[in-house]
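A short worksheet on the structure shown next.
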């Protein structure tokens, strides 16, 4: 795809977005890994689990991961257009404008952090907010364009979901310290 076609198709072309395009923005395959690792962190935490609050915590952690994916796609539209693997993403093809993807990701991020804060407390929500920031800003905007070690350092954002879930479990498990 040439630079000119990226400008005309990926930067504001008027195409109707389908709900599946918004799902694609959230990188569902990555979300499934986040759910798996967060569930492991939740189950590994000491104490008896509350299944309702545990499910809510996993949902909000998954949404935080999806928000990160949406913001990543919004910020990497031009780069994604150059790679075979990513050239059909909704922001590249113009089905969703990068600014709309960024706004969607920001809204979902705020919703996920607020929801986790309300259900699991400030520590878990703060860790989730840090994870979203680290992936969207530190990894996407700073590490990827500047160092080949981006995947090694950026891997911290992939390692945090079980920590977030562990912190969430500590908030509402009986006999645990409240954060």
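What the table shows:
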{"item": "Qualifying position, being surrounded by 14 or more Cβ atoms within 10 Å (Cβ to Cβ) and either at pLDDT 90 or above or under 24 Å from residue 142 (Cβ atoms) (or both), among 58, 52", "result": "58"}
{"item": "Residue tally, condition crowded, with 19+ Cβ neighbours inside 10 Å and either touching a strand residue (DSSP E or B) at 6+ places or on another chain (Cβ under 6 Å) or farther than 14 Å from residue 30 by Cβ (or both), over region 77-99", "result": "11"}
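Conditions (1) at positive phi; (2) touching a helix residue (DSSP H, G or I) at 6+ places or on another chain (Cβ under 7 Å); (3) assigned to a helix (DSSP H, G or I), marked per residue:
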| residue | (1), (2), (3) |
| --- | --- |
| 111 | no, yes, yes |
| 114 | no, no, yes |
| 126 | no, no, yes |
| 129 | no, yes, yes |
| 148 | no, no, no |
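The values are calculated or read from the model by the stated rules, or taken from the named source; none is laboratory data. Since this is a predicted model, take the numbers as computed values, not measurements. Note that we place each Cβ from the backbone using ideal geometry, even for glycine, and neighbour counts take in every protein chain shown.
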